[in-house]
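The values are calculated or read from the model by the stated rules, or taken from the named source; none is laboratory data. Small disclaimer: the values here were computed from a predicted structure and weren't measured. Positions of Cβ are backbone-derived with ideal geometry, glycine not excepted, and every protein chain shown enters the neighbour counts. Quick note on the areas: whole protein, heavy atoms, side chains included, nothing else; ligands and nucleic acids left out. Shrake-Rupley method; radii C 1.70, N 1.55, O 1.52, S 1.80 Å.
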Amino acid sequence: MSTIVRPALVLFAALTVICGVVYPFATAGIGQLAFNDEVNGSIVERGGKPVGSTLIGQSFTSPKYFWGRPSATAPMANNGAGSGGSNQGPTNPALVDAVKARIAALQAADPGNRKPIPVDLVTASSSGLDPEISLAGALYQAPRVARVRAVPLAQVENAIAKVQKTAYIGFFGEPRVNVLELNLALDAMAK
């Protein structure tokens, strides 16, 4: 019996050390070296105070700010603990009603804007926490933000161009804009 128990205990102890100590410290160390900002939450500070993260969407409701993607998290929007999709298919009446309400809110905030509304402004991402909108989503909102802030549209479009991110590795995905970074850039221009 000891011929089976002793090797099993040694293997158990070795795997505990490897999987429970060495591997977590190695991955945390590599993460700190290679992806320091992301590993630490990509916290954005202004005046020494945290104002958000570039990895998690925030809810902006004032018309002077760009609005991000709708959040499907519960019990509140952009709740990191409640991350997950709504699992509503395109024929689900609840999703159809939610999209209609979002379209109405965008049209009420900018009644003169007759451009087609980009889909990412009325549908939640699969995580419900997307911090970015498409370039089309930002350009759709630019006239409203310029009007409310009483600045030239070209100035707002220039701010979009400055924070715009291109496709990943040059070809994955579409150009996009981090909403928090854009709104902070606009606030900085106003000062």
With the chain treated as a Gaussian network of Cα nodes joined by springs under 10 Å, which of Gly80, Gly29, Gly68 yields the largest mean-square fluctuation? Gly29
For the chain, with a Gaussian network of springs between Cα atoms less than 10 Å apart, report the residue from Val179, Val51, Val122 with the top mean-square fluctuation. Val51
Going Cα to Cα from Lys64, which lysines come in below 18 Å? Please leave out same-chain ones fewer than 8 positions away. Lys191
Could you work out the relative contact order of the chain? I mean the mean sequence separation of Cα pairs under 8 Å and 6+ apart, divided by the number of residues, in percent. 20
Using a 1.4 Å probe on the protein chains only, how many percent of the accessible area of the range 51-191 belongs to carbon and sulfur? 61
As a test question: what accessible area, to the nearest 10 Å², does Glu45 have when a 1.4 Å probe is rolled over all protein chains in place? 110
So, with points 7 Å from each Cα along the Cβ direction, the Leu153-Ala74 label distance in nm works out to 4.1
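Rank these by accessible area, largest first, 1.4 Å probe: Ile103, Ile4.
I get Ile4, Ile103, largest accessible area first.
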What is the angle, in °, between the Cα long axis of helix 179-190 and the longest principal axis of the Cα atoms in the chain? Nearest 10 is fine, range 0 to 90. 50
Apply the a/c threshold of 1.5 to the C-alpha gyration tensor of the range 107-185 and tell me whether it is rounded, prolate or oblate. oblate
At Lys191 and Phe172, where each label point lies 7 Å from the Cα along Cα→Cβ, what is the point-to-point distance in nanometres? 3.5
By accessible area with a 1.4 Å probe, ligands and nucleic acids excluded, highest first: order of Arg147, Arg69, Arg6: Arg6, Arg147, Arg69
How far, in nm, would the chain grow between Lys115 and Glu38 when pulled straight, counting 0.36 nm per residue and subtracting the alpha carbon separation? 24.2 nm
Taking only Cα atoms, what is the 0 to 90° angle, nearest 10, from helix 23-34's long axis to the longest principal axis of the chain? 40
Gyration tensor verdict on the range 32-93 (Cα atoms; rounded if a/c is under 1.5, prolate if a/b is larger than b/c, oblate otherwise): oblate
Let me spell out the model: positive unit charges on the Cβ of Lys and Arg, negative unit charges on the Cβ of Asp and Glu, origin at the Cα centre of the chain. What dipole size does that give, in debye rounded to 20? 420
Cα gyration tensor of the chain, axes a ≥ b ≥ c as square roots of the eigenvalues: rounded (a/c below 1.5), prolate (a/b > b/c) or oblate? prolate
Mind checking which of Tyr23, Leu139, Ser42 is farthest towards the positive end of the range 1-154's charge dipole, using Cβ charges of +1 (Lys, Arg) and -1 (Asp, Glu) about the Cα centre? Leu139
Between Ala72, Ala142, Ala81, where does the largest GNM mean-square fluctuation fall for the chain, given springs only between Cα atoms within less than 10 Å? Ala81
Between the helical axis of 135-149 and the dominant principal axis of the chain, each derived from Cα atoms, what acute angle in degrees is found, rounded to the nearest 10? 50
How high is the FRET efficiency from Ala104 to Tyr23, r the C-beta distance, R0 45 Å, rounded to 0.05? 0.35
Rounded accessible area per residue of the chain, 1.4 Å, Å²: 61
